[in-house]
Structures are given as C-alpha cells and as structure tokens.
1. Taking ASP57, is it surrounded by fewer than 16 Cβ atoms within 10 Å (Cβ to Cβ), more than 16 Å from ILE113 (Cβ to Cβ) and acidic (Asp, Glu)?
2. Exactly one of these conditions fails for ILE184: (1) surrounded by fewer than 19 Cβ atoms within 10 Å (Cβ to Cβ); (2) modelled with pLDDT of 80 or more; (3) not polar (S, T, N, Q); (4) not in a loop (DSSP other than H, G, I, E, B). Give me its number.
3. Within the range 7-44, track down each residue that is assigned to a helix (DSSP H, G or I), over 21 Å from the mean Cα position of the chain (by Cα) and crowded, with 20+ Cβ neighbours inside 10 Å.
4. From the list VAL86, VAL73, pick out the single residue that is in contact with a helix residue (DSSP H, G or I) (Cβ under 6 Å, 6 or more places away or on another chain) and crowded, with 16+ Cβ neighbours inside 10 Å.
5. Which of the residues that make up the range 89-114 are in a strand (DSSP E or B) and farther than 18 Å from VAL20 by Cα?
6. Would you mind stating whether PRO48 is assigned by TED's automatic domain parsing to the domain that holds ARG8, without any contact (Cβ under 8 Å) to a residue 40 or more places away in the chain and over 25 Å from ARG31 (Cα atoms)?
Amino acid sequence: MRIWDIRRLVESTADSAFAVDCSGLVVAWNRAAEELFGRGAGDVVGKPCGQILQGIDECGPVCSRDCTTQQSVRKRHPVRNFDLQVKTAKGYQWCNLSVLIIDEAPPPYSIHIVHSIDTGKRLELVFRDFTKSHSKLAGGFENGSPTPTRSPVLETTLTKRELEILRFLAKGGTTSRIAAQLHISPTTVNNHVQNILRKLNAHTRLGAIRRAEYAGLV
C-alpha cells in the first residue's frame, strides 16, 4: 500500500484518524482529527505523533521517542486498543485509541483511530479508586496492586530476564540483592533495568513499577 493510498484511507474515515510512519511522524490527518484536536493537517503532518498527542496515562507522560505503541508497530506486533489522555481542542481528554498496522510494504505504517471517552473514563477511574480503597479496608489487595487497565504498556515486549528483574524490583529488591539471587553481576542487573525503563517509557524504577502494575505486567 502506497502512502497516498494510506492518506486516502484516513481521509475517508468518519472517525478521528491519522497515520504515522515507522519514525513516529504523522503522514495523514483527517477532518475529524482536525475537529477533535483543533489542529489542521498542515500544522501536524511531518511532526512527531507524540508532540501532537502529548499523551498521559494514570502514571504520567506516555508519548516519547520510546513510545510503546511504536515499538510494537516496528516489530509488527498487533496492538490492542488502549486508553490515553491526549491534548485536544478542549484540553486534555480521555480517548480510546485503536491502531491498525499497515505492513504490506516495508517499513510499516500505522493508522490510529481515536474515540473520545472522557466522561465514561473519568467515572471508571473514580469507581475503581473507590472500590480499591474499600477493598483495602476490607483486607483485599494484599499485594497492593491496582486493577489492570487498558494501557499502551500492555504491548511492551520484555524478555524473560527483564520480566524477572521487574518482579524483583516490584518486591523492593535492590541491585545487589537481585544480582545475588540471579547469580549475575550488578552491572548486568543495571543494564537490564535500563532496558526495562526504556521499554516502559519510565524515568525511574518506581515509575516503571507503577506503570507495570497498572498494566498488569507484575
């Protein structure tokens, strides 16, 4: 499928939609997207998708050069729909994003379809927090982990060793303790941790743990 075919497909979609190339740059932007985001195609085409969306999930900023969705697209892994707060013409709103990978010819492109779910999502979060707090009072949530959500982090591909180290981190493990338990060097542990932070788009170990917990990875 050629780039103009992708643009024609995006423009023919009634829902808010845009297409992104393998570098994360917007290559197509339809009228519905113009209305939702308050920005015309001439203003966004050629710019990084993350710069336009400025996406945030329950744990903080999501959009960056290490976007988990783009990681999946480049590997041609199907992406489940996910919820994200994005910067619209009316301010930040919760939206649900569906991603279609177009890989008939390399490199792959992706088409993002965006639906506003702001009111429903806010009610969902309030209900979830209310349920969680009452469950804790009743003795539930023994490990303190929240209920998994529809998060783009669900698409993150961690190796078996990275997932193992992430679980140790979630239990409060230090670099030296993890190294001793896994019979590897502290340097190797730190290298794995850096890969985990990059893949989860987190800046700190705590941020990675929180994001993994919300996505149900640990």
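1. No, not satisfied.
2. (4)
3. VAL10
4. Testing whether each residue is in contact with a helix residue (DSSP H, G or I) (Cβ under 6 Å, 6 or more places away or on another chain) and crowded, with 16+ Cβ neighbours inside 10 Å leaves just VAL86.
5. Of everything in the range 89-114, those that are in a strand (DSSP E or B) and farther than 18 Å from VAL20 by Cα turn out to be GLY91, TYR92, GLN93, TRP94.
6. So PRO48 does not fit the description; no.
The values are calculated or read from the model by the stated rules, or taken from the named source; none is laboratory data. Note that this is a predicted model, so its numbers are computed, not measured. Heads up, the Cβs are rebuilt from the backbone with ideal geometry, glycines too, and the neighbour counts pull from every protein chain shown.
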